[in-house]
Amino acid sequence: MLARLRSLTARWTAAVPVAAVVLLALTWGRDLPGVLVALVTLVLAGAVLSAVHHAEVVAHRVGEPFGSLVLAVAVTIIEVALIVTLMADGGDKSSTLARDTVFAAVMITCNGILGLCLLVGSLRHGLAVFNPEGTGAALATVATLATLSLVLPTFTTSKPGPEFSTAQLTFAALASLLLYGLFVATQTVRHRDYFLPITRQGEVITADDHAEAPTSRTAAISLGLLGLALVGVVGLAKGVSPTIESGVQAAGLPHAVVGVVIALLVLLPETIAALRAARRDRVQTSLNLALGSAMASIGLTIPAVALASLWLSGPLVLGLGATHMVLLALTVVVASLTVVPGRATPLQGGVHLVLFAAYLELAVTP
(Lines give C-alpha, C1' and ligand atoms only; values in the text may rest on other atoms or scores of the structure.)
Protein backbone atom coordinates (compact mmCIF):
# COMPACT_ATOMS: atom_id res chain seq x y z
CA MET A 1 0.00 0.00 0.00
CA LEU A 2 2.81 2.42 0.91
CA ALA A 3 4.64 1.60 -2.31
CA ARG A 4 1.47 2.32 -4.31
CA LEU A 5 1.04 5.70 -2.60
CA ARG A 6 4.65 6.60 -3.38
CA SER A 7 4.12 5.61 -6.99
CA LEU A 8 1.01 7.80 -7.27
CA THR A 9 2.85 10.71 -5.64
CA ALA A 10 5.75 10.35 -8.06
CA ARG A 11 3.37 10.34 -11.03
CA TRP A 12 1.33 13.43 -10.19
CA THR A 13 4.35 15.45 -9.02
CA ALA A 14 5.99 14.70 -12.37
CA ALA A 15 2.87 15.39 -14.45
CA VAL A 16 1.75 18.65 -12.82
CA PRO A 17 4.91 20.72 -13.60
CA VAL A 18 4.69 19.72 -17.26
CA ALA A 19 0.97 20.52 -17.33
CA ALA A 20 1.64 23.89 -15.66
CA VAL A 21 4.22 24.89 -18.29
CA VAL A 22 1.95 23.75 -21.15
CA LEU A 23 -0.97 25.70 -19.69
CA LEU A 24 1.30 28.72 -19.23
CA ALA A 25 2.34 28.59 -22.89
CA LEU A 26 -1.32 28.39 -24.00
CA THR A 27 -2.55 31.25 -21.79
CA TRP A 28 0.43 33.67 -21.72
CA GLY A 29 -0.57 37.21 -22.63
CA ARG A 30 -4.27 36.41 -23.03
CA ASP A 31 -7.35 37.58 -21.16
CA LEU A 32 -8.70 34.59 -19.28
CA PRO A 33 -12.42 33.90 -18.79
CA GLY A 34 -13.68 32.73 -15.42
CA VAL A 35 -13.49 29.01 -16.21
CA LEU A 36 -9.86 29.27 -17.32
CA VAL A 37 -8.98 31.33 -14.24
CA ALA A 38 -10.35 28.52 -12.07
CA LEU A 39 -8.35 25.93 -14.03
CA VAL A 40 -5.15 28.03 -13.82
CA THR A 41 -5.64 28.46 -10.07
CA LEU A 42 -6.06 24.70 -9.63
CA VAL A 43 -2.94 23.90 -11.65
CA LEU A 44 -1.07 26.66 -9.81
CA ALA A 45 -1.87 25.03 -6.47
CA GLY A 46 -0.72 21.66 -7.80
CA ALA A 47 2.51 23.22 -9.11
CA VAL A 48 3.21 24.71 -5.67
CA LEU A 49 2.81 21.32 -3.96
CA SER A 50 4.89 19.66 -6.66
CA ALA A 51 7.66 22.23 -6.26
CA VAL A 52 7.78 21.59 -2.51
CA HIS A 53 8.02 17.83 -3.09
CA HIS A 54 10.86 18.09 -5.59
CA ALA A 55 12.69 20.67 -3.49
CA GLU A 56 12.65 18.26 -0.56
CA VAL A 57 13.95 15.44 -2.76
CA VAL A 58 16.86 17.62 -3.91
CA ALA A 59 17.48 18.89 -0.39
CA HIS A 60 17.58 15.33 0.98
CA ARG A 61 20.12 14.35 -1.64
CA VAL A 62 22.50 17.32 -1.34
CA GLY A 63 21.89 17.98 2.37
CA GLU A 64 21.63 21.23 4.23
CA PRO A 65 22.21 24.08 3.73
CA PHE A 66 22.46 23.34 -0.02
CA GLY A 67 18.84 22.19 -0.21
CA SER A 68 17.31 25.42 1.06
CA LEU A 69 19.74 27.39 -1.10
CA VAL A 70 18.57 25.58 -4.25
CA LEU A 71 14.91 26.41 -3.63
CA ALA A 72 15.57 30.04 -2.61
CA VAL A 73 17.79 30.80 -5.60
CA ALA A 74 15.53 28.99 -8.09
CA VAL A 75 12.43 30.90 -7.00
CA THR A 76 14.29 34.22 -6.98
CA ILE A 77 15.83 33.82 -10.44
CA ILE A 78 12.42 33.14 -11.97
CA GLU A 79 10.90 35.99 -9.94
CA VAL A 80 13.61 38.37 -11.19
CA ALA A 81 12.90 37.33 -14.78
CA LEU A 82 9.22 38.08 -14.22
CA ILE A 83 10.02 41.52 -12.75
CA VAL A 84 12.25 42.49 -15.68
CA THR A 85 9.60 41.25 -18.14
CA LEU A 86 6.89 43.34 -16.47
CA MET A 87 9.17 46.38 -16.37
CA ALA A 88 9.82 45.98 -20.09
CA ASP A 89 6.07 46.26 -20.68
CA GLY A 90 6.36 49.86 -19.49
CA GLY A 91 3.68 51.91 -17.85
CA ASP A 92 3.67 54.43 -15.01
CA LYS A 93 3.48 51.72 -12.35
CA SER A 94 6.56 49.80 -13.53
CA SER A 95 8.95 52.36 -11.99
CA THR A 96 8.20 51.10 -8.45
CA LEU A 97 7.70 47.45 -9.36
CA ALA A 98 11.16 46.24 -8.29
CA ARG A 99 11.01 48.15 -5.00
CA ASP A 100 7.52 46.95 -4.10
CA THR A 101 8.30 43.34 -4.99
CA VAL A 102 11.58 43.23 -3.07
CA PHE A 103 10.09 44.89 0.00
CA ALA A 104 7.10 42.54 -0.10
CA ALA A 105 9.49 39.57 -0.25
CA VAL A 106 11.45 40.90 2.76
CA MET A 107 8.30 41.38 4.85
CA ILE A 108 6.83 38.02 3.84
CA THR A 109 10.03 36.07 4.55
CA CYS A 110 11.42 37.91 7.60
CA ASN A 111 8.09 38.28 9.38
CA GLY A 112 5.52 35.98 7.77
CA ILE A 113 7.51 32.81 7.09
CA LEU A 114 9.96 33.30 9.97
CA GLY A 115 7.22 34.06 12.49
CA LEU A 116 5.02 31.18 11.35
CA CYS A 117 7.90 28.70 11.56
CA LEU A 118 8.97 29.88 15.02
CA LEU A 119 5.37 29.63 16.22
CA VAL A 120 4.83 26.14 14.77
CA GLY A 121 8.22 24.85 15.93
CA SER A 122 7.87 26.17 19.48
CA LEU A 123 4.27 25.02 19.91
CA ARG A 124 5.05 21.55 18.60
CA HIS A 125 8.38 21.00 20.37
CA GLY A 126 8.33 23.37 23.35
CA LEU A 127 11.09 25.61 22.00
CA ALA A 128 12.27 26.50 18.51
CA VAL A 129 16.04 25.88 18.56
CA PHE A 130 18.46 27.21 15.95
CA ASN A 131 22.07 28.32 15.51
CA PRO A 132 22.44 32.04 16.34
CA GLU A 133 25.80 32.35 14.53
CA GLY A 134 24.48 31.36 11.12
CA THR A 135 21.07 32.99 11.53
CA GLY A 136 22.65 36.21 12.82
CA ALA A 137 25.00 36.35 9.84
CA ALA A 138 22.07 35.89 7.45
CA LEU A 139 20.02 38.58 9.20
CA ALA A 140 22.92 41.05 9.16
CA THR A 141 23.35 40.51 5.42
CA VAL A 142 19.63 40.99 4.75
CA ALA A 143 19.57 44.18 6.84
CA THR A 144 22.62 45.59 5.04
CA LEU A 145 21.29 44.77 1.57
CA ALA A 146 17.85 46.18 2.36
CA THR A 147 19.30 49.42 3.75
CA LEU A 148 21.72 49.95 0.86
CA SER A 149 19.12 49.21 -1.81
CA LEU A 150 15.81 50.42 -0.39
CA VAL A 151 16.53 53.07 2.27
CA LEU A 152 19.48 55.08 0.96
CA PRO A 153 17.78 56.10 -2.33
CA THR A 154 15.25 58.08 -0.27
CA PHE A 155 18.01 60.29 1.13
CA THR A 156 20.47 60.66 -1.77
CA THR A 157 20.53 64.03 -3.56
CA SER A 158 22.24 63.30 -6.88
CA LYS A 159 18.84 62.80 -8.54
CA PRO A 160 15.45 64.21 -7.56
CA GLY A 161 13.08 61.78 -5.89
CA PRO A 162 13.86 58.43 -4.26
CA GLU A 163 16.18 57.31 -7.07
CA PHE A 164 19.84 56.36 -7.38
CA SER A 165 22.15 58.02 -9.86
CA THR A 166 23.85 55.73 -12.36
CA ALA A 167 27.02 55.52 -10.26
CA GLN A 168 25.07 54.86 -7.08
CA LEU A 169 22.93 52.19 -8.73
CA THR A 170 26.07 50.51 -10.08
CA PHE A 171 27.61 50.49 -6.60
CA ALA A 172 24.42 49.08 -5.04
CA ALA A 173 24.26 46.31 -7.69
CA LEU A 174 27.92 45.32 -7.25
CA ALA A 175 27.67 45.47 -3.45
CA SER A 176 24.56 43.28 -3.54
CA LEU A 177 26.27 40.64 -5.69
CA LEU A 178 29.42 40.74 -3.56
CA LEU A 179 27.60 40.37 -0.25
CA TYR A 180 25.36 37.62 -1.57
CA GLY A 181 28.36 35.74 -2.98
CA LEU A 182 30.25 36.07 0.31
CA PHE A 183 27.25 34.79 2.22
CA VAL A 184 26.81 31.76 -0.05
CA ALA A 185 30.51 30.93 0.33
CA THR A 186 30.20 31.23 4.11
CA GLN A 187 27.02 29.15 4.19
CA THR A 188 28.23 26.32 1.97
CA VAL A 189 32.02 26.17 2.41
CA ARG A 190 33.84 27.86 5.27
CA HIS A 191 31.19 27.77 8.02
CA ARG A 192 28.63 25.29 6.76
CA ASP A 193 28.04 23.94 10.28
CA TYR A 194 26.59 27.32 11.35
CA PHE A 195 23.62 26.70 9.05
CA LEU A 196 22.85 23.09 9.98
CA PRO A 197 20.00 22.15 12.35
CA ILE A 198 20.99 21.59 15.98
CA THR A 199 19.66 19.51 18.86
CA ARG A 200 18.39 20.82 22.21
CA GLN A 201 21.93 20.36 23.54
CA GLY A 202 23.41 22.47 20.75
CA GLU A 203 24.90 19.56 18.78
CA VAL A 204 24.91 19.88 15.00
CA ILE A 205 22.68 17.45 13.09
CA THR A 206 24.74 16.56 10.05
CA ALA A 207 22.20 14.35 8.27
CA ASP A 208 18.50 13.57 8.17
CA ASP A 209 17.82 9.97 9.09
CA HIS A 210 14.07 9.96 8.45
CA ALA A 211 14.39 8.32 5.02
CA GLU A 212 16.91 6.84 2.66
CA ALA A 213 18.61 9.43 0.45
CA PRO A 214 17.43 9.42 -3.19
CA THR A 215 19.79 8.43 -5.97
CA SER A 216 21.66 11.00 -8.05
CA ARG A 217 19.41 10.22 -11.03
CA THR A 218 16.25 10.77 -8.97
CA ALA A 219 17.62 14.03 -7.57
CA ALA A 220 18.57 15.27 -11.05
CA ILE A 221 15.06 14.52 -12.37
CA SER A 222 13.54 16.29 -9.36
CA LEU A 223 15.79 19.29 -9.96
CA GLY A 224 14.53 19.59 -13.54
CA LEU A 225 10.90 19.16 -12.47
CA LEU A 226 11.46 21.72 -9.70
CA GLY A 227 12.52 24.24 -12.32
CA LEU A 228 9.45 23.50 -14.44
CA ALA A 229 7.16 23.74 -11.42
CA LEU A 230 8.60 27.11 -10.39
CA VAL A 231 8.29 28.48 -13.93
CA GLY A 232 4.68 27.36 -13.84
CA VAL A 233 4.05 28.91 -10.41
CA VAL A 234 5.48 32.33 -11.29
CA GLY A 235 4.06 32.40 -14.82
CA LEU A 236 0.57 31.30 -13.83
CA ALA A 237 0.59 33.77 -10.93
CA LYS A 238 1.28 36.46 -13.51
CA GLY A 239 -1.52 35.04 -15.66
CA VAL A 240 -4.15 35.39 -12.93
CA SER A 241 -2.84 38.83 -11.91
CA PRO A 242 -5.37 40.70 -14.14
CA THR A 243 -8.17 38.89 -12.32
CA ILE A 244 -6.56 39.73 -8.98
CA GLU A 245 -6.14 43.34 -10.11
CA SER A 246 -9.79 43.56 -11.14
CA GLY A 247 -10.84 42.18 -7.78
CA VAL A 248 -8.61 44.62 -5.94
CA GLN A 249 -9.98 47.56 -7.92
CA ALA A 250 -13.56 46.41 -7.38
CA ALA A 251 -12.89 46.26 -3.64
CA GLY A 252 -11.46 49.79 -3.70
CA LEU A 253 -8.03 48.68 -2.47
CA PRO A 254 -4.67 50.25 -3.43
CA HIS A 255 -2.87 48.83 -6.48
CA ALA A 256 0.06 47.75 -4.27
CA VAL A 257 -2.14 44.95 -2.90
CA VAL A 258 -1.82 43.18 -6.27
CA GLY A 259 1.95 42.93 -5.82
CA VAL A 260 1.51 41.58 -2.30
CA VAL A 261 -0.88 38.86 -3.46
CA ILE A 262 1.42 37.82 -6.32
CA ALA A 263 4.43 37.78 -3.97
CA LEU A 264 2.51 35.55 -1.57
CA LEU A 265 1.73 33.13 -4.41
CA VAL A 266 5.32 33.10 -5.68
CA LEU A 267 6.74 32.46 -2.18
CA LEU A 268 4.17 29.78 -1.36
CA PRO A 269 6.52 26.83 -2.16
CA GLU A 270 9.16 28.17 0.24
CA THR A 271 6.52 28.82 2.89
CA ILE A 272 5.24 25.25 2.79
CA ALA A 273 8.77 23.78 2.73
CA ALA A 274 9.79 25.95 5.71
CA LEU A 275 6.70 24.95 7.71
CA ARG A 276 7.30 21.25 7.07
CA ALA A 277 10.89 21.64 8.28
CA ALA A 278 9.68 23.43 11.44
CA ARG A 279 7.23 20.61 12.16
CA ARG A 280 10.15 18.15 12.01
CA ASP A 281 12.07 20.31 14.53
CA ARG A 282 14.48 21.54 11.84
CA VAL A 283 13.90 25.23 12.55
CA GLN A 284 17.36 26.16 11.26
CA THR A 285 16.36 24.84 7.85
CA SER A 286 13.21 26.99 8.03
CA LEU A 287 15.27 30.08 8.86
CA ASN A 288 17.72 29.27 6.06
CA LEU A 289 14.79 29.29 3.64
CA ALA A 290 13.22 32.47 5.02
CA LEU A 291 16.32 34.64 5.31
CA GLY A 292 17.95 33.07 2.26
CA SER A 293 14.92 33.98 0.16
CA ALA A 294 14.97 37.58 1.41
CA MET A 295 18.68 37.84 0.69
CA ALA A 296 18.42 36.31 -2.78
CA SER A 297 15.48 38.55 -3.61
CA ILE A 298 17.54 41.68 -2.92
CA GLY A 299 20.94 40.37 -3.98
CA LEU A 300 19.73 39.18 -7.38
CA THR A 301 16.89 41.60 -8.15
CA ILE A 302 18.84 44.84 -7.69
CA PRO A 303 21.70 43.85 -10.05
CA ALA A 304 19.17 42.56 -12.59
CA VAL A 305 17.09 45.74 -12.65
CA ALA A 306 20.28 47.83 -12.67
CA LEU A 307 21.36 46.01 -15.82
CA ALA A 308 17.87 46.23 -17.32
CA SER A 309 17.75 49.97 -16.69
CA LEU A 310 20.40 50.40 -19.38
CA TRP A 311 17.80 49.77 -22.10
CA LEU A 312 14.51 50.34 -20.25
CA SER A 313 13.04 53.81 -20.40
CA GLY A 314 11.52 55.58 -17.45
CA PRO A 315 12.63 56.11 -13.85
CA LEU A 316 13.66 53.36 -11.42
CA VAL A 317 12.28 54.21 -7.99
CA LEU A 318 13.90 52.16 -5.22
CA GLY A 319 13.54 54.34 -2.11
CA LEU A 320 10.94 53.36 0.48
CA GLY A 321 8.46 55.76 2.03
CA ALA A 322 8.54 56.69 5.72
CA THR A 323 5.97 54.09 6.80
CA HIS A 324 7.78 51.21 5.14
CA MET A 325 11.14 52.36 6.51
CA VAL A 326 9.68 52.24 10.03
CA LEU A 327 8.42 48.70 9.40
CA LEU A 328 11.82 47.64 8.02
CA ALA A 329 13.69 49.13 10.99
CA LEU A 330 11.33 47.50 13.48
CA THR A 331 11.67 44.17 11.68
CA VAL A 332 15.49 44.30 11.89
CA VAL A 333 15.46 45.22 15.60
CA VAL A 334 12.91 42.56 16.56
CA ALA A 335 14.61 39.88 14.43
CA SER A 336 17.97 40.69 16.06
CA LEU A 337 16.47 40.18 19.52
CA THR A 338 14.87 36.95 18.31
CA VAL A 339 18.12 35.56 16.88
CA VAL A 340 20.54 36.35 19.73
CA PRO A 341 19.37 33.66 22.23
CA GLY A 342 19.34 30.85 19.64
CA ARG A 343 15.93 29.67 20.81
CA ALA A 344 12.43 31.08 20.60
CA THR A 345 9.05 30.67 22.28
CA PRO A 346 5.63 31.19 20.71
CA LEU A 347 5.89 34.84 21.80
CA GLN A 348 8.69 35.60 19.33
CA GLY A 349 6.78 33.94 16.53
CA GLY A 350 3.67 35.93 17.45
CA VAL A 351 5.57 39.23 17.45
CA HIS A 352 6.84 38.64 13.90
CA LEU A 353 3.37 37.64 12.72
CA VAL A 354 1.93 40.86 14.19
CA LEU A 355 4.54 42.84 12.24
CA PHE A 356 3.54 40.96 9.09
CA ALA A 357 -0.13 41.67 9.80
CA ALA A 358 0.75 45.36 10.23
CA TYR A 359 2.44 45.33 6.82
CA LEU A 360 -0.65 43.76 5.22
CA GLU A 361 -2.93 46.25 7.00
CA LEU A 362 -0.87 49.21 5.78
CA ALA A 363 -0.85 47.78 2.26
CA VAL A 364 -4.67 47.71 2.33
CA THR A 365 -5.13 51.05 4.13
CA PRO A 366 -1.93 53.09 3.66
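The values are calculated or read from the model by the stated rules, or taken from the named source; none is laboratory data. The structure presented is a predicted model; accordingly, all values stated were derived computationally and were not measured. Heads up, the Cβs are rebuilt from the backbone with ideal geometry, glycines too, and the neighbour counts pull from every protein chain shown. Surface areas here come from the heavy atoms of the whole protein model, side chains and all, with no ligands, DNA or RNA. Shrake-Rupley method; radii C 1.70, N 1.55, O 1.52, S 1.80 Å.
Here are the numbers:
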read-out	value
The chain, accessible surface, carbon-and-sulfur percent (1.4 angstrom probe)	68 percent
FRET efficiency, 1/(1 + (r/R0)^6) with R0 22 Å, evaluated for VAL22 and THR215 via beta carbons	0.20
Most to least packed among 14-22, 301-309 [average Cβ atoms within 10 Å]	301-309, 14-22
Heavy-atom accessible area per residue - the chain, 1.4 Å, Å²	45 Å²
Net dipole in debye of the chain [+1 Lys, Arg Cβ; -1 Asp, Glu Cβ; about Cα centre; nearest 20]	580 debye
HN-Hα J in Hz across the range 51-60 - Karplus 6.51, -1.76, 1.60, θ = phi - 60°, x for Gly and Pro	4, 4, 4, 5, 5, 5, 5, 5, 4, 5
Contour excess over end-to-end distance, with Cα ends at HIS191 and THR166 and 0.36 nm allotted per residue	5.5 nm
Modelled FRET efficiency - R0 30 Å, SER313 with THR365, Cβ distances, 0.05 increments	0.35
Gain in span if fully extended, ARG276 to ALA329, counting 0.36 nm per residue against the direct Cα distance	16.2 nm
Karplus (6.51, -1.76, 1.60) ³J(HN,Hα), θ = phi - 60°, over the range 257-267, in Hz, Gly and Pro reported as x	4, 4, x, 5, 5, 5, 4, 4, 5, 5, 8
Cα-projected label distance for PHE155 with ARG11, points at 7 Å along beta-carbon direction, nm	6.1 nm
Gain in span if fully extended, THR199 to LEU264, counting 0.36 nm per residue against the direct Cα distance	20.3 nm
Under Karplus coefficients 6.51, -1.76 and 1.60, residue-wise ³J(HN,Hα) of the range 113-118 in Hz, glycine/proline x	5, 4, x, 5, 5, 5
Inter-site label distance for ALA140 and THR41 at 7 Å from Cα along Cβ, in nm	4.5 nm
